[in-house]
Amino acid sequence: MKRTLLFGWLVLLASLPIFSQADDFAALAGSAEPAAAPASLGVLKWSGDQEFAYRLGAYDPATRTGGQVDGKLSGEYKLGDLKVVASGQAKDNEFVPGETAVFYAPGTFKFGLGLQEFSWGVADKKNPTDTLNARDYRYGADAGRLVNPAATVAWYPAPWVSVEAVYEPWKERSKFPVDFRANTQANLAAKGLPTTVTQEAEKKDGTQPVFGGRTNLFLPGVDVSLSYVYDKDIYYTPVITMGLGGSGYYPSSIELVQKRIQRLGIDAKTTVDKYGFWIETSYNITEDPSGTDDAVRNSNLEWTTGLDFNYGPASEYYANLQYFGKWVPGYDTNTLKDYTPFLPSNAIDKAYMTKMFYRSLTQSLGSETEEWLHGLTASLKFPLDDDLVTPSVSGAVMLPVGYDDTQVTRIASAYFKPEVDFKPADGVHILFGADLAYGWIKKAGSSEVTLDTTNDKLGIYTPQNSVYVKIDYQWNGSLGTN
């Protein structure tokens, strides 16, 4: 169905000029009146990006070794205030639709309808306010957006201000490298519990819409944005039904549901001399704003602040540095300590057992695994010989603070990506590099530092670590004038 829709849009791109007809002749042949200028048929643009990559697994060769071909096609047709875009790509052996929508911009307004991709926030990739699109986290923490059906309107009443509103009848689900339902089922089964774990059915009938708005202020010396999103949580919350067994109460069934979350965002960006500075924050309010319900995870504050600048010969080198973090007020740091050792006599207390299971599941399923998370990112590029060769390195380090260390001490997580980009011709890139992610822990009673490949936010990507060579070809073209 998605392929059919995309093909339809591409056909529409090619056929729209047919419906734009020239004005009638101003006069019959031989008239002294000059002929009217032919009406514009608009501008049609197209582009493509084809990439072949061969990867060699750096942790588990059987997991990541092999070659694949990815390709992306995009088209745009513009006639006056009307613009139609369509795109799609083959990525990681599956079809992924891109932005495919119609935009109309009369006067100081702009309207949009279709599968849209939003880019909110000013930080580099780590954007707390950029949540309108689901993301694909299966192949790395630097996850690409997934387009979402949406209707939008923007108003530009003055050069220094704009106002945007977005309505999504439903929000696509983000994709993760782990199966939350299967993992929860397996963990409970390992404890000998016959619990049935199910996942809430995805609804695309308009009964769970997402909407939001943003105001942008372009002030002297600084740009500021204020945003609000009535969102759907990308993570899951357990709904537990308790049952009574031979040794006491246990969760007979658990349904994983996605609850509502409200996001209040603000960001600002400025330039001082050659330095660009920014800050972006979002306060995310869950359905338990007071933080007193063990069945709903707590609200949290996320932020990213950083700077970038050029330096070196002819200021050709580039550096981007950021500090990011997350704070969960009232985070429960004793989900294991309070029940260690477990007293069998408490198993017949239904309220006690219900509270214990909610405390053990709610935060972890919601990706809240510490009270404070501190992180640093860096990206450095060194173009050489007029961009013929561009070595670069990027990475991130994360440090958790304030968590239950009864079983595990979490030391740090890190991601590294060194790369060399060789550009032998326009539009052609040959890249050599590596994707490497790690999470280091020490288990209770041991001084040995080991890798966590099952729970750590970056360590879960360790099995996908690889070195690679890529050949990338980018092309584009256009036809007509507007």
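Extension gain, residue 310 to residue 411: 0.36 nm times the residue separation minus the Cα-Cα distance gives 33.0 nm. Label-to-label distance, residue 165 versus residue 264, with points set 7 angstrom from Cα along the beta-carbon direction: 2.2 nm.
With both labels modelled 7 Å from their Cα along Cα-to-Cβ, the residue 203 to residue 239 distance reads 1.0 nm. Dividing the summed -39500 (n - 2.57) terms of all DSSP H runs of n ≥ 4 by the residue count of the chain sets its mean residue ellipticity at 222 nm at -3000 deg cm²/dmol. Given the alternatives (i) 23.8; (ii) 25.9; (iii) 26.5, Kirkwood radius over Cα pairs in Å as computed for this entry is given by (ii). Principal axis extents of the C-alpha atoms in segment 78-194 (largest first, rounded to whole Å): 65, 31, 28. When you restrict to C-alpha pairs under 8 Å that are six or more residues apart and normalise by the size of the chain, the relative contact order lands at 13 percent. Ellipsoid fit via the Cα gyration tensor, segment 146-193: semi-axes of 45, 11, 8 Å, each the root of five times an eigenvalue, largest first. Looking at segment 418-471, the pairs of alpha carbons with a distance over 14 Å make up 63% of the total. One chain, two ends: residue 448 and residue 389. Fully extended at 0.36 nm per residue, the span grows by 17.1 nm beyond their Cα-Cα distance. With the cut-off at under 15 Å, measuring from each backbone N in segment 442-482 to a point 7 Å along the Cα-to-Cβ line of residue 47 picks out 473-479. Under the combined filter of DSSP loop state and at most 16 neighbouring Cβ atoms within 10 Å, segment 145-228 retains these GluC sites (Glu not before Pro): 200, 202. Placing R0 at 56 angstrom, the Cβ-Cβ distance between residue 380 and residue 345 gives a FRET efficiency of 0.40 after rounding to 0.05. When the listed pairs 175/204; 83/423; 126/417; 125/171; 126/442 are checked against a 22 Å cut-off, the alpha-carbon distance exceeds it for 83/423; 126/442. To the nearest ten degrees, helix 2-15 and the longest principal axis of the Cα atoms of the chain are 20 degrees apart.
Distance from the alpha carbon centroid of segment 35-87 to that of segment 362-426 works out to 27 angstrom. Size check on segment 186-275: the Cα extents along the three principal axes, sorted descending, read 71, 34, 17 Å.
The P(r) of segment 250-333 has a tail past 23 Å containing 47 percent of all C-alpha pairs. Each part gets one Cα centre, and for segment 243-304 versus segment 135-188 those centres are 15 Å apart. Site pair residue 178 and residue 469 shows an inter-label distance of 3.6 nm when each label is modelled 7 Å from Cα along Cα→Cβ. Relative to the longest principal Cα axis of the chain, at what angle does helix 350-365 sit, 0 to 90 degrees, rounded to 10? It is inclined by approximately 40 degrees.
Taking a point 7 Å from the Cα of residue 277 along the Cα-to-Cβ direction, the residues of segment 308-337 with backbone N closer than 20 Å to it are 308-311, 319-325. The alpha carbons of segment 368-429 stretch over 56, 16, 16 Å along the principal axes, in descending order. Principal-axis analysis of the Cα atoms of the chain puts helix 180-190 at an angle of about 10° to the longest axis.
Every read-out reported here was derived from the displayed coordinates using simple, explicitly stated rules and does not represent laboratory data. All of these numbers come straight from a predicted model, not from anything done at the bench. For neighbour counting, all protein chains shown are included, and Cβ atoms are generated from backbone atoms with ideal geometry for every residue, glycine included.
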